Amino acid sequence: MVVTRKKLVPDVQANKVSYGKGNAKKYIVVHETDNTRSGADADAHARLQYNGNSRSASWHYTVDDKEAVQSFEHAWRCWAAGSNKGNNEGIQVEICVNADGNYLKAVQNTAELVAKILKDEGIPISNVVQHNHCSGKNCPSQMRAGKVSWSQFITMVKNASGNTQQHKPSADTSKYRVLTGTYATKQAAENVLDVLKHRFGWVAYIEPDGAKWRVKTGTFTGIDAAKLGASKIETAKLAQVTNIVAE
């Protein structure tokens, strides 16, 4: 059962990267992010959309090996399928392929999510299609290459329960920041800052520490979220040491 949560793009931003509301919701269009960099998970892609995607693109859900994050309600006509029909009639679902994730688990989570959408919207399973079906693009590329075949994925959807678990916000409302260890040059810190801001979609800053430099994140709500943030920085090998500080 996949955990789902919402981080909905504000309407002002949504109108800039979509055809607005009025989605006919006849299809579910499956994509892959093609972003294999460490840390390019569902949270990072959802934050990218929420903070204002620099690309003329949008999609409803991003799914990784841990969760599915919804960026747009189904009524929005997102720009993802590469054709008017696909965009105006499709609910767009992106599967993460980040190197530090478990691709098979992400596909399984996507199958659970797709089964839930089918049930909620009354869409027939025959209308679960690849991005390739809409525009001819080689997407979802890893699935099309046979890492998990399309027929296997459809079987996963058929066997899925169609139930999802809604993410419950933590009762811990305390605020925390994550600080990296120090870097010898400002450029090294700026390289890390660029990843945190543009790959992870975080708020982050550089601050001096004597003759060296460190990177400080924006606030996380709850110690568990802060620990996940610190782990993500270390997993991506952006810092050997991280520290969590209370606000």
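Each reported figure results from applying straightforward, stated rules to the coordinates on display, with no laboratory input. Quick caveat: nothing in here was measured; it's all calculated off a predicted structure. Glycine also receives a Cβ, built like all others from the backbone with ideal geometry; neighbour counts cover every protein chain displayed.
For T4, the residues 5 or more places off, or on other chains, whose built amide H falls under 5 Å of its own are A68, Q165, Q166, H167. Taking a sphere under 13 Å around the Cβ of T173 and counting the other residues whose Cβ falls inside, with K and R at +1 and D and E at -1, yields a net charge of -2. Per-residue ellipticity at 222 nm, computed for the chain from helices alone with -39500 (n - 2.57) per DSSP H run of at least four residues, works out to -9000 deg cm²/dmol.
Here the contact order of the chain, divided by its residue count and restricted to Cα pairs under 8 Å and six or more residues apart, works out to 22 percent.
With the simple model of a label 7 Å out from the Cα in the direction of the Cβ, K21 to D224 spans 3.3 nm. Between E247 and Q187, the modelled labels are 3.4 nm apart [label points 7 Å from Cα along Cα→Cβ].
Under the criterion of Cα pairs below 8 Å and six or more residues apart, the relative contact order for region 175-246 equals 46 percent. Neighbours of L118 by Cβ distance under 12 Å: Lys/Arg scored +1, Asp/Glu scored -1, total +2. Here's how it looks for R214: its modeled amide H is under 5 Å from those of Y183, E207, D209, which are all 5 or more places away or on a different chain.
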